[in-house]
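Comments concern the structure below.
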Amino acid sequence: MEKLKKFFINGTWVNPRSDETMAVISPSDLRQIGTVSLGNEQDVNDAVQSAKKAFTSFSKTKKKERIDLLKDLKRITERRFEDLAQAMREEMGAPISMARSAQADAAVGHLESFIGALAELKERTLLDSGDILLKEPVGICGLITPWNWPVNQIALKVIPALATGCTCILKPSEYTPLSAMVYTEIIEEAGYPAGVFNLVNGVGDTVGRAMSKHPEIDMMSFTGSTRAGIMVTKDSSETIKRVTLELGGKSPNIVFSDANLERDIKYSINECMFNTGQSCDAPTRLLVEHSCYEEVLKIAKKSAEEILIGDPTKEGDHIGPLFDKIQFDRVQNMIDLGIKEGASVLTGGLGKPHGLEKGWFVKPTIFYNVRNTMRIAREEIFGPVLVIMPFKNEQEAISIANDSPYGLAAYVQTSDIKKAERVSSQLRVGAVHINGGGYNYGTPFGGYKQSGNGREGGLMGLEDYLETKSLHGL
Ligand code: NDP
């Protein structure tokens, strides 16, 4: 835990220039589990200078060398798998079974698909014109990640940077620094040259901004709120950096009356509440065909009330707490707002679940009698809160679904596959999950509209970290 007070710069754990620190609190029992250092502009500059020095040689490494390094990274990640899962269990309250099967699994899953994608990537292409296209690393990358899927987000940014020959500085969320520390140890053990990967903890307003504004950083990759994504974009614009963003969502889930309602509604509720609702692509707006609306309300209520909430240290498929007090207050305020806006509570509501008064636990909550103009239907709540709205026909469903500033994901439940594809093609989102179809590692992930720019994962995830050079006259 002493390493939490240090940063990883130029291949070693160093003392920060800043002497500011922050307590790291377990969200399930409010115990202090560590103290993390919060860096400043000088710490960022040290990391950038180290990444700059390393770029000269690392950017020239052969693909084969980088694949071999990634294979070492995979072997060590698999060995440290349990450490990653336990870190996320402790720092963000992810229930241990899910911390293993989803949160830590992402570290290995993304790595495997990036190794495959790198093998496939063409770094030199001869065009019909005789010109040659070269794909080259974009440069020094600033990577900013949030607390809700800490290792998943680190893997989606750090691995493609390392795979393409870039060097990088990672600023994870200071609320979840444990998993980032374990991940840094994994990279250290894999033997990457000094300066290729650097870790600086700190707050978005100082370390994050210093990265976005730094003249020697070439690219910023950010995951978090749309609010902070706008700040990163503005700060980066002064130095014309490439910016990729994975931001918020308010994903619609369209349920047609020909769906297998028992199965699909239960799945929909569980998917919305998974990770205690702290997922950017959670299906949080349930749009239901009028003819099955009443039946769906009954199944939804029953399914939400069957969700177990509990101690993250226990095995099982229960959900855990929200990650901290800020998020708890934010979710409570939104539930309160929904009631004031005139929506009806189908189940859940304000306050903590019985017997779980100590940590940041909340009740899975469902609203009905909701209009798409209400704030609870438009804003990302980032907790286990669902809104249900009826629709009359396919066109109205599509129109409500698209009436959102976001465009990350959508979900469709129907037994008519042609209808599923017809509807999907009209949704302005980066991914459509049909009848429970889940995300697969390597498939591009990202959003339309205010949900972001760029795609993470697989070959497209590598391309974001590459520049294109044209050679004429050879
Ligand atoms: P933020 O977007 O503020 O935080 C995410 C990361 O960005 C953190 O590391 C944060 O650091 C950093 N950051 C914040 N401001 C800046 C900035 N100006 N420049 C650079 N980096 C910055 O999210 P919150 O944690 O405040 O959560 C707020 C809401 O955002 C949630 O309720 C949810 O709706 C949404 N969210 C969406 C996520 C997604 O996956 N799309 C992930 C997390 C949140 P610091 O913690 O110091 O502010």
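Note the angle between two axes, namely the Cα long axis of helix 261-273 and the longest principal axis of the Cα atoms of the chain, as a number of degrees from 0 to 90, rounded to the nearest 10.
50
Using r as the Cβ-Cβ distance of T233 and E341, and R0 as 41 Å, what FRET efficiency do you calculate, to the nearest 0.05?
Once rounded, the FRET efficiency stands at 0.85.
Sorted by mean Cβ packing within 10 Å, highest first, what order do the peptides 357-365, 289-297, 460-468 take?
Top of the packing list down: 357-365, 460-468, 289-297.
Take the Cα atoms of the chain, find their three principal axes, and give me the spread along each one in whole Å, biggest first.
65, 60, 40 Å, listed from the longest principal axis down.
Give the distance, in whole Å, between the Cα centre of the range 76-122 and the Cα centre of the range 251-313.
When both Cα centres are located, 26 Å separates them.
Among DSSP beta bridges lying fully in the chain, give the percent that are antiparallel, nearest 5. All intermediate terms of the calculation are to be shown ahead of the outcome.
Numbers: 27 of 65 bridges.
Bridges in the chain that DSSP calls antiparallel: roughly 40 percent.
Could you rank the peptides 256-263, 279-286, 19-26 by their average count of other C-beta atoms within 10 Å per residue, with the highest value first? If you can, show how the numbers build up before the last one.
Working: 256-263: 17.0, 279-286: 25.8, 19-26: 15.5.
Result, highest mean Cβ count within 10 Å first: 279-286, 256-263, 19-26.
Under 1.5 on a/c is rounded, so check that first for the range 374-435, then, if it is not, pick prolate when a/b is larger than b/c and oblate when it is not; a ≥ b ≥ c are the square roots of the alpha carbon gyration tensor eigenvalues.
Working: a/c = 1.75, a/b = 1.60, b/c = 1.10.
Prolate is the answer for the range 374-435, as a/c is 1.5 or above and a/b outweighs b/c.
Between H472 and L121, how many nm apart are label points set 7 Å from Cα along the C-beta direction?
A separation of 2.7 nm, rounded to one decimal place.
For helix 41-58, report the angle its Cα long axis makes with the longest principal axis of the Cα atoms of the chain; keep it between 0 and 90° and round to the nearest 10°.
60
Isolated Cys in the chain by the 4.7 Å beta carbon test?
C166, C272, C280, C292
Using the Cα centre as the reference, give the magnitude of the dipole from point charges on the C-beta atoms of the range 252-440 (Lys, Arg: +1; Asp, Glu: -1; all else neutral), rounded to the nearest 20 debye. Spell out each step's value before the answer.
Numbers: 21 positive and 25 negative charges, 63 e Å.
With only Lys, Arg, Asp and Glu charged at Cβ, the dipole is about 300 debye.
Quick one: angle between helix 177-190 and the longest Cα principal axis of the chain, in degrees between 0 and 90, rounded to 10, please.
Once rounded, the angle reads 40 degrees.
How much length is gained if the chain between N260 and E394 is pulled fully straight, taking 0.36 nm per residue apart and subtracting their Cα-Cα distance, in nm to one decimal?
Going from the current span to full extension adds 46.5 nm.
Efficiency by 1/(1 + (r/R0)^6): what FRET value for H290 and D128, r their Cβ-Cβ distance, R0 = 56 Å, to the nearest 0.05?
0.55
Roughly speaking, to the nearest percent, how much of the range 244-371's 1.4 Å accessible area is carbon and sulfur?
After summing per-atom areas, the C and S share lands at 53 percent.
With a 1.4 Å probe and all protein chains left in place, how much of the accessible area of the range 4-91 comes from carbon and sulfur atoms, in whole percent? Show your work: numbers first, answer last.
Details: 2050 of 4290 Å².
Carbon-and-sulfur percentage of accessible area, whole number: 48.
Between N402 and K64, what is the label-point separation in nm under the 7 Å Cα-to-beta-carbon projection?
Each label point lies 7 Å from its Cα, and together they span 5.1 nm.
Please calculate how many Å² of accessible area the range 123-227 carries per residue, with a 1.4 Å probe and no DNA, RNA or ligand atoms counted. Before the final figure, lay out each step's value.
Details: 2760 Å² over 105 residues.
Each residue of the range 123-227 exposes 26 Å² on average to a 1.4 Å probe.
Explain nothing, just the number: dipole magnitude of the chain about its Cα centre with +1 on each Lys and Arg Cβ and -1 on each Asp and Glu Cβ, in debye rounded to the nearest 20.
440
So if I take the centroid of the Cα atoms in the range 136-174 and the same for the range 434-449, what is the distance between those two points in Å?
When both Cα centres are located, 20 Å separates them.
Provide the packing ranking of 392-401, 57-66, i.e. peptides ordered by the mean count of other C-beta atoms within 10 Å per residue, highest first.
My ranking of the peptides, most packed first, is 392-401, 57-66.
With all distinct Cα pairs included, what does the Kirkwood hydrodynamic radius of the range 286-420 come out to in Å, to one decimal, could you say?
16.2
How much FRET efficiency would the formula 1/(1 + (r/R0)^6) give for Q32 and T313, where r is the Cβ-Cβ distance and R0 is 22 Å, rounded to 0.05?
0.85
The values are calculated or read from the model by the stated rules, or taken from the named source; none is laboratory data. Values in this document were obtained by computation on a predicted structure and should not be read as measured data. For neighbour counting, all protein chains shown are included, and Cβ atoms are generated from backbone atoms with ideal geometry for every residue, glycine included. These accessible areas exclude ligands, DNA and RNA; they are computed on the full protein's heavy atoms, side chains included. Shrake-Rupley method; radii C 1.70, N 1.55, O 1.52, S 1.80 Å.
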